[in-house]
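All remarks here apply to the structure that follows.
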Amino acid sequence: MKRTAYLLLKVFLVIFAFTPNTFAQDWTKWGLPEGAKARLGKGNIIKIAYSDDGTRLAVASGAGIWIYDTQTGKELNLFIRHTNKDDIARDISFSPDGLLLAAGGRMPIPIWDVSTGKTLRMLKMDKGYVRSVSFSPDGMTLATGGGDKTIRLWDIATGNMIQKFEVPGRLILKSIAFSPDGLIIASGSHYDNDIIHLWDIATGTNIQTLKGNLNESSDIKFSPDGQLIAAGRGSYINVWDVSTGAIIRTLQRAGMMARSASFSPDGKTIVAGGMGNTIHFWDINTGRSLGSLWGHTHDVVLSVAFSPDGKTLASAGRDSILIWDLHSHKVIRTLEGHTSSMNSITFSPDGQLLAMKSPHDTISLWNVRTSTIFRTLKGHRKSVYGVSFSPDGQLIASAGGKDTTVRLWDVTTGTNIHTLEGHTSPVYGVSFSPDGKILTSIDMSGTGEQINRTLRLWDVATGSEITDLSKHIDEAGIILFSPDGKLLTSKSPHDNLRLLDTHTGTVLQTFVGHASPVYNVSFSPDGKLLASTDKDNTIRLWDVATGTTLHTLIGHTSPVYRVLLFSPGGQKLVSAGGEENNFRLWDVDTGKTLHTLEGHTDPITSVSFSPDGNTLVSSSWDNTVRLWDVESGDTLRTLEGHTRSVIRALFSPDGKTLASTSYSNGIVYLWDVTTIKR
């Protein structure tokens, strides 16, 4: 009966196997959450898998699972889970006939028709997070394993669970695999000495235990004849004899940190990828190194997979997939558009570009209207920590983090105009003066209470340091330009704020009252008021002309270091503490709370006003973005779709578009404000 049901399902799939793709050709609009108009970036890469006929490559990413045509490199489909918070596909598996795809993650587990993108089954259980999925060789069964220490076998035709194995010990299952004959399941775990169990499927008994320190991030792979198992561990890969449980080969390369390993289809070669952007090959019989491939640019090769005919190899880094011809050892195709975590986004002054810094060494400039990359700026040797547009939008400044440099770029041409050197510690932030003639940069070193900061000022036209002013702000704790171009700084041990003349360094005003380091400062748009916070949970409002305190705002229960921002008209102030799930809107004239805006279930990460000052947008660790009416304090709309904590949301300069980015999954959503506010 089970086989009959499976065969009927397979016949149905074959009938529709050549159904035309119904998706629009613009992949930036595939599978969008309600209210979004585009997706920038395909997400960070987690895992790759070939279909058994080699015509399709599935890529699990922060956006979902992308299906590529391996001959053309074109995107064919995008499968979105979107069933739960933090719902990322941790593992993927094609059925042997290539008609189905399963993805691990939070329950339930979807099974898709690869050609149509339709969900055929949702495998349900009460709890658990599935970290690994694997189809049986006959395609009739799916095995799943995860954090609840249980391997489950599912009937594909009915979606029913037909068997489960309780794995002993204090384990989290990281990887499972069927033997080629379908009689054995291997399960890999970490904790309890990181061991591999072999299970007899017919009886459900543990028939062999393989020891040898399995890397928690490494997959288990059977050799094509089923006699060997390989798994990586740090700087080496172990190969076990399945029948005896003995390690028969340990494969090593200097500096290698193995993240994945795979047998070639003929079983003669093992390939491994790991740290160092390198792919290594070994002869399985002799253990001799067969050479290496270099081509990835960002630290690590996360996943490798041979094509079924053994002629090509796919390798995945953090933000690109390379297809290699194994005869010539050359890259024959690059699958682009994948992006690792984009933890900072900034609109250009005209709203036409969105700049995103990656945790690596590049800055991407996206055209907001077309949702395409306009320019990629390359030159930093380490992760980029901060970016800023000049007021006229013609330049971008970037903070190079650990390479200790600041770079100025021409937006139109992508040319690196100046490389500013002088910092001796990682550079974390850059900012232009209102007239665009001066650039500030800040570095930081030390930890805890021993953090040291150095600020430098640069002449944008020449790229030279303005040393006469820099000596006044060396070791300052904070720096900010006022709307009229003066410079605000703070300096220990008194934690006073000082307003400096940018041309002479003369102290124009001192704001005395803080008893601890200043966390956050903000000028009103007309420059007449200043807001500042320290660790006592309060906000001070100052008269800039006189240096006197006008109001002390009380109400937060944690230090206000997340958000401190005046409304465009300067009559209101919004603030958010670091550990609070709500934020506050204040009346600047009276110092009274207008609204406490509640609705998020985790701490606030950002808040911004719309250009007209009538709407607020907030982001949170709860994976959502919320729009608020400033006058009433009511929630206008909750935007869902991010699968990780949203770290930034902001309006475009014309107020028509909203951009939001989430932590670590490499996606920015663009939302049509006029649509989502209805």
Inset, instruction - Report ³J(HN,Hα) in whole Hz for each residue of the stretch 278-288, in order, from the Karplus equation J = 6.51 cos²θ - 1.76 cosθ + 1.60 where θ = phi - 60°; Gly and Pro get x. - result: 10, 10, 10, 10, 9, 7, 5, 6, 9, x, 6
Inset, instruction - Apply 1/(1 + (r/R0)^6) to the Cβ-Cβ distance of THR504 and THR638, taking R0 = 60 Å, and write down the FRET efficiency to the nearest 0.05. - result: 0.75
Inset, instruction - Would you mind working out the magnitude of the charge dipole of the chain relative to its Cα centre, with +1 at each Lys and Arg C-beta and -1 at each Asp and Glu C-beta, to the nearest 20 Debye? - result: 1140
Legend entry - Full-stretch length increase - LYS656, ARG369 - with 0.36 nm per residue and alpha-carbon distance subtracted: 102.2 nm
Legend entry - Extension gain (nm, one decimal) between ASP26 and LYS74, 0.36 nm per residue minus Cα-Cα: 16.2 nm
Legend entry - Sorted peptide list for 412-423, 89-100, criterion being average Cβ within 10 angstrom, highest first: 89-100, 412-423
Legend entry - Length gained when the stretch ASP629-THR203 is fully extended (0.36 nm per residue, less Cα-Cα span): 147.2 nm
Legend entry - Dipole axis of the chain (+1 Lys, Arg; -1 Asp, Glu on Cβ), positive-most option in LEU500, PRO568, PRO265: PRO265
Inset, instruction - Starting from the Cα of GLU579, move 7 Å in the Cα-to-Cβ direction to define the label point; list residues of the stretch 548-566 whose amide nitrogen is under 12 Å from there. - result: 557-560
Inset, instruction - State the answer as a single residue: which of LEU395, ASN623, ALA649 lies farthest towards the positive end of the charge dipole of the chain, with beta carbon charges of +1 for Lys and Arg and -1 for Asp and Glu, about the Cα centre. - result: ASN623
Inset, instruction - Along Cα→Cβ, 7 Å out, is where each label goes; now give me the distance between the ones at SER289 and ASP350 in nm to one decimal. - result: 5.2
Legend entry - Peptides ranked, highest mean first, by Cβ atoms within 10 Å: ranges 105-117, 54-66, 506-518: 54-66, 105-117, 506-518
Inset, instruction - List LEU408, LEU594 from most exposed to least, where exposure is judged by having the fewest other Cβ atoms within 10 Å. - result: LEU594, LEU408
Legend entry - 3J(HN,Hα) from dihedral phi, the stretch 105-122, Karplus parametrisation 6.51/-1.76/1.60, rounded to Hz, x for glycine, proline: x, 6, 5, x, 9, x, 10, 9, 7, 5, 6, 9, x, 7, 7, 8, 9, 10
Inset, instruction - Could you sort out which of LYS174/LYS382; LYS47/LYS357; LYS74/LYS382 sit more than 25 Å apart by Cα distance in this structure? - result: LYS174/LYS382; LYS74/LYS382
Inset, instruction - Choose one of THR119, ILE176, LEU597: the residue whose Cα lies farthest towards the positive end of the charge dipole of the chain (beta-carbon charges +1 Lys, Arg; -1 Asp, Glu; about the Cα centre). - result: ILE176
Legend entry - Debye log10 I(q)/I(0) for the chain, one point scatterer per Cα, at q = 0.06, 0.07 Å⁻¹: -0.40, -0.54
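Given a Förster distance of 45 Å, report the FRET efficiency between THR412 and ALA515 from their Cβ-Cβ distance, rounded to the nearest 0.05.
With a Förster radius of 45 Å, E is 0.40.
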Inset, instruction - Quick one: dipole size for the stretch 341-475, taken about the Cα centre, charges +1 on Lys/Arg Cβ and -1 on Asp/Glu Cβ, in debye to the nearest 20. - result: 500
Legend entry - Ranked by how many other beta carbons lie within 10 Å on average, peptides 644-655, 525-536 from highest: 644-655, 525-536
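Coordinate-derived values only; no laboratory data. Predicted model only: the values in this text are computed from it and were never measured. Neighbour counts are summed over all protein chains in view; Cβ atoms, including those assigned to glycine, are modelled from backbone coordinates with ideal geometry.
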